[in-house]
1. Mind sorting Phe178, Phe205 by how few other Cβ atoms lie within 10 Å of their own Cβ, fewest first?
2. How much net charge surrounds Asp119 when only other residues with a Cβ under 12 Å from its Cβ are counted (Lys, Arg +1; Asp, Glu -1)?
3. Where does each of Asp65, Asp197, Asp81, Asp26 land when they are ranked from fewest to most other beta-carbon atoms within 10 angstrom?
4. Enumerate the calculated ³J(HN,Hα) couplings along region 123-132 in order (Karplus 6.51 cos²θ - 1.76 cosθ + 1.60, θ = phi - 60°), each rounded to whole Hz, writing x wherever the residue is Gly or Pro.
5. Under the rule of at least 5 residues apart or a separate chain, name every residue whose amide H is placed under 5 Å from the amide H of Gly169.
6. Taking the Cβ-Cβ separation of Glu179 and Ser25 as r and a Förster radius of 45 Å, what is the calculated FRET efficiency to the nearest 0.05?
7. Only counting other Cβ atoms within 10 Å, I'd like Arg125, Arg88 sorted with the fewest neighbours first.
8. Could you tell me what % of all Cα pairs in region 42-93 have separations over 15 Å?
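Where a number appears in this text, it was derived from the coordinates with a stated rule and is not lab data. Just so it is clear, the structure is predicted and the values come from calculations on it, not from any experiment. Don't worry about glycine lacking a Cβ; one is built from the backbone with ideal geometry, like all the others, and counts go over all protein chains shown.
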Amino acid sequence: MKKLLILIFSISLLWSPSGFADDISDFQIEGISIGDSLLDYMSEEEILEEIEGNLGNYFFLDEPDKYAEIYMWDNLKTYSDGMSFFIRNTPSSKYLSNKNEKYIILSMRGMISYIEDNDSCIVKRDEIAEVASMMFPNSKKDLYTKAHRGDPSGNSIMYGINYALDSGGWIDLQCVNFEETWRIENNQTEGISVAVDSKEITDWFLN
C-alpha cells in the first residue's frame, strides 16, 4: 500500500500548476485540511516514527529530505486504505517552540482500493470531482489518461482529473487501473488517490 501511494504521488506531481483564486484549505479529506497541525490527528511519537521510517523515499529529488512524509492507517472512515502527509523537515523546524507550527500539513492524500473494479473507481472519482468543481469554479480543470510509468508494458493506466489553483497548489483525483498480472507480481493495490498539495510541495517536486 505504501509503495502505491509513493508511486501515485510521484507521478501526479508531474503536472504544472496554474489557475485562479481559490483556498486549497477548504478541501478536506477525513475532516483534515492543508494548514492543520498533524498533532491534532497523530501523536508526536507516531509522527517521528513515520518520519524516520520514510526517509529516502524521494531520493530522486535535489533535496530528498527537505520535507517529511508521514502515513496514517488507523481511525479512517472513507479513506480506509490509508492517508499520507508532508510536513517541513528542515533543521530549523526542530527549534520551533510551537509544536503545532512545526507539524503543519502541507500536503495530504487518501486512498480507496477498487481491485479489478475500475468502473466503480471512476464513479467515485467523478462524485468527488463534482464537489471540487463546485468548490473551485475558477480553477483550471484538466482530464488526463496516461500509462503508469511503473509498468513497462504500458498496460497499466491512470485516469485523472487535476484542479490547478491560483495559489500554485492543486487537487488531483486519480484512478489507477494496473494490468492484473503486473499488479499481483509487484504486490500492488489499485483504486482512487485523492491528493491535495500546497504550492510549497508542488515546487519541491517540480524543481
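1. Going from least to most buried by this count: Phe205, Phe178.
2. -1
3. Ascending Cβ contact count within 10 Å gives the list Asp26, Asp65, Asp81, Asp197.
4. Taking θ as phi minus 60°, the curve returns 4, 5, 4, 5, 5, 5, 4, 4, 5, 4 Hz for region 123-132.
5. So Gly169 has HN proximity to Lys199.
6. My answer for the efficiency is 0.75.
7. Arg88, Arg125
8. Tail of the P(r) past 15 Å holds 50 percent of the pairs.
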